[in-house]
Amino acid sequence: MPAADEGVADADADASAGQTGRPATAGRRRVSRRTLLAGGGLAALAGGGTVTAAALRSDGRATASAVIPFHGPHQAGILTPRQQHVRLAAFDLGNRTDRGRAAALLLRWTSAAEHLTRGEAVPAELEPPGSRAAETGALDGSAPARLTVTFGLGPTFFDRTGLTAARPATLAPLPSFPEDQLDPARSDGDLLVQIGADDAFVTAHVLRTLQRLAHGEAKLRWAMTGFTAADGRRNLMGQIDGTNNPEPARALLNGPDVPPWLEGGSYVVIRRIRMLLDHWDTLPPTHREQVLGRRAADGAPLTGGTERTPVDLAAARPDGVPVIAANAHIRLAAPASNHGATMVRRSWSFHDGLRADGTPDAGLLFMAWQSDPRTGFIPVQQRLSRGDALARYLVHETSALFAVPGGTRPGGYVAQALLEG
């Protein structure tokens, strides 16, 4: 479980990050929403045109405090304070889904997300033929509950849409790590959808809606459900996450070397990490603290002080034994042990009942946001896999990497600069 401590940021610390519009890229070819939604495909991309702004509606059900703006320089759900519930889902594009059809899908999803995050029903014209889902009123009486919908692109998305040459080198598939027990059916994917809200009913409805709108173009590959503790900080092992972490905005991509479609975006690594809780719970409290290098009660390092006191990795007992064990998680995850590698951590707990052997199917949906996985997640996980004391109580079952495009302005759609460039 990389970076449960130093070098992993808790993005909730940046609660005030704004969502403001950004100008369209000069000279970018534009395609009408009507044409894409009608399935114009590559012919539409070649024909040009102008994207019209989506109609704004208000039914009075959304309150200002419950609405997270969808538009802005980066997608909501990266710096947004974590909600109580999340649905993570990966989709695979269909065999006939080319670049134009993928653009149409992302336009439908973007348009739907605009309405849903405002607490509005998805317009009937976005629904597939024969659907009457818009008439069900499934969310009648429900507030948006700080809903955010965040979209990402997997490495294979570029191959399937004929954009292999545009795939960033930083989006190379993750390497394998020792002792991984990955389930291929619950790893990777062409498209990522992260749905966060303070209402689990809302997240379930939104995932179902996006799945329905993907009809004929993409199929659900895997889906996972997570939640946060009341204080938003402890995981099921009792750990306090997000101590002494870097500024969350460091995970955002900006600069002359960043492709226009990635400006304001990020990369995210997802790992489903099952915790061997029955084993962990039998350990003496002092042993658990030595494994982590921190006190369980308040998160302070074993070298003393409070949670925010920097750990003294050089501290030793009178007999010369290091206070922080050589294989303690806090030591191996520290930036000082990983050439300064840092990540922005926005993880969620999961509990999916019992496994066939009667042990809990529970743990952490680890999400690490960063500007470059090659200098962030990968070196840290490689070091942790070579002796982290915490690793013997964890099983890594899912692994995926996605590029998360920058935000959109009204009238645009996610990854538009990539698909129309």
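The values are calculated or read from the model by the stated rules, or taken from the named source; none is laboratory data. Because the structure is predicted, anything quoted here is derived from the model rather than measured. Here Cβ is always computed from backbone atoms with ideal geometry, including for glycine, and neighbour counts include all displayed protein chains.
May I ask you to verify whether ASP241 is surrounded by 21 or more Cβ atoms within 10 Å (Cβ to Cβ), at pLDDT below 95 and among the acidic types (Asp, Glu)?
It is true that ASP241 is surrounded by 21 or more Cβ atoms within 10 Å (Cβ to Cβ), at pLDDT below 95 and among the acidic types (Asp, Glu).
If you check THR228, THR209, THR203, which single one turns out to be within 24 Å of HIS329 (Cα to Cα), buried (at least 19 other Cβ atoms within 10 Å of the Cβ) and of a type in the set (Ser, Thr, Tyr)?
Values: THR209 fails: within 24 Å of HIS329 (Cα to Cα); THR203 fails: within 24 Å of HIS329 (Cα to Cα).
Only one candidate qualifies: THR228.
If THR150 passes every condition in (1) farther than 29 Å from SER385 by Cβ; (2) crowded, with 21+ Cβ neighbours inside 10 Å but one, which one does it miss?
Going through (1) farther than 29 Å from SER385 by Cβ; (2) crowded, with 21+ Cβ neighbours inside 10 Å one by one, THR150 breaks only (1).
Can you name the residue in region 308-335 that is of a type in the set (D, E, K, R) and not in a helix (DSSP H, G or I) and is also surrounded by the fewest Cβ atoms within 10 Å (Cβ to Cβ) among such residues? Talk me through it step by step, then tell me what you get.
Of region 308-335, the ones of a type in the set (D, E, K, R) are 308, 312, 317, 319, 331.
Right, trim to not in a helix (DSSP H, G or I) and you get 308, 312, 317, 319.
Numbers: ARG308: 10, ASP312: 15, ARG317: 8, ASP319: 5.
Step by step, filter region 308-335, then rank; the result is ASP319.
Which members of region 306-321 meet the condition of being closer than 20 Å to ASP241 by Cβ and either modelled with pLDDT of 95 or more or among the charged types (D, E, K, R) (or both)?
GLU307, ARG308
Please verify whether region 260-272 includes one or more residues that are assigned to a loop (DSSP other than H, G, I, E, B) and free of Cβ contacts under 8 Å to residues at least 40 places away in the same chain. Quick ask: steps written out before the conclusion?
Residues of region 260-272 that are assigned to a loop (DSSP other than H, G, I, E, B), as a first pass: 263-265.
If we keep only those that are free of Cβ contacts under 8 Å to residues at least 40 places away in the same chain too, we end up with none.
Within region 260-272, none of the residues are assigned to a loop (DSSP other than H, G, I, E, B) and free of Cβ contacts under 8 Å to residues at least 40 places away in the same chain.
Inspect all residues belonging to region 277-287 and state whether any of them is in contact with a Phe, Trp or Tyr (Cβ under 9 Å, 6 or more places away or on another chain), assigned to a helix (DSSP H, G or I) and not aromatic (Phe, Trp, Tyr).
Yes: region 277-287 contains one or more residues that are in contact with a Phe, Trp or Tyr (Cβ under 9 Å, 6 or more places away or on another chain), assigned to a helix (DSSP H, G or I) and not aromatic (Phe, Trp, Tyr).
Within region 155-170, can you find the residues that are surrounded by fewer than 19 Cβ atoms within 10 Å (Cβ to Cβ) and under 30 Å from LEU394 (Cβ atoms)?
Correct list: THR156, PRO168, ALA169, THR170.
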